[in-house]
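Engineer: The structure is given below, and queries will be raised subsequently.
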Amino acid sequence: MKCLVMMTGTIDRSSLDQAAAVWRAHTIAYFQHRMQKAKRLNLLLILTSLMGYLEWGGGNHAFLFDAEAEVISKLFTDPASVIHAFTLIPLAGQILLLITLFQKFPNRILTFIGMGAIAVLLLFMFIAGLLALKAKVILSVLPFLVMAVVTIRYRRRHERVSASHAIRK
């Protein structure tokens, strides 16, 4: 603006309108990009949570997407057999993250609650894998843990940027 005033000596109304329109377009594009990235991170959290690998006694094993499909099918036929904290809490977390994918602006609190609900099971699996020295279990959980850290760092950095952006206004 100072350059405009120095060059012409006055501020032209149409120049101000153009500058305001450019600023609005850049601000809208910035927030849309940021929200799309938040949605992508939430989708990756859901997908990586399904990659978990379980092993238990008697040579039994399953990926979480297989186990979850079985839980969902039994939820409608025999709900009493699937009511357990380690099945319902992570499933609720995935549903919360799924809801954020359909929001115009993904809710930060829903993202953290959903991520935490899923992390209850996956951190337990990670610790069990470490204690039993099961590399498949440990490696299957790492993508979710990495995505959780990336999401937390992104949302915290984003929060700081938004706060400093609001102060400048």
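Taken together, the values in this text are just the output of simple stated rules run on the coordinates, not laboratory data. Everything quoted here is computed from the prediction, not taken from an experiment.
Engineer: Given N residues in segment 70-125, what is Rg(Cα) / (2.2 N^0.38 Å)?
Structural biologist: Rg over 2.2 N^0.38 Å, computed on Cα atoms: 1.24.
Engineer: Something else now. Given H placed on each backbone N at 1.01 Å, which residues far from LEU54 in sequence or on other chains put an amide H within less than 5 Å of it?
Structural biologist: ALA62, PHE63, LEU64
Engineer: For the pairs LYS104/LYS136; LYS74/LYS134; LYS104/LYS134, flag any whose C-alpha to C-alpha distance is greater than 32 Å.
Structural biologist: LYS104/LYS136; LYS104/LYS134
Engineer: Would you mind giving the average projected area, over all directions, of the Cα convex hull of segment 40-169 in nm² with one decimal?
Structural biologist: Quarter of the Cα hull surface area: 9.2 nm².
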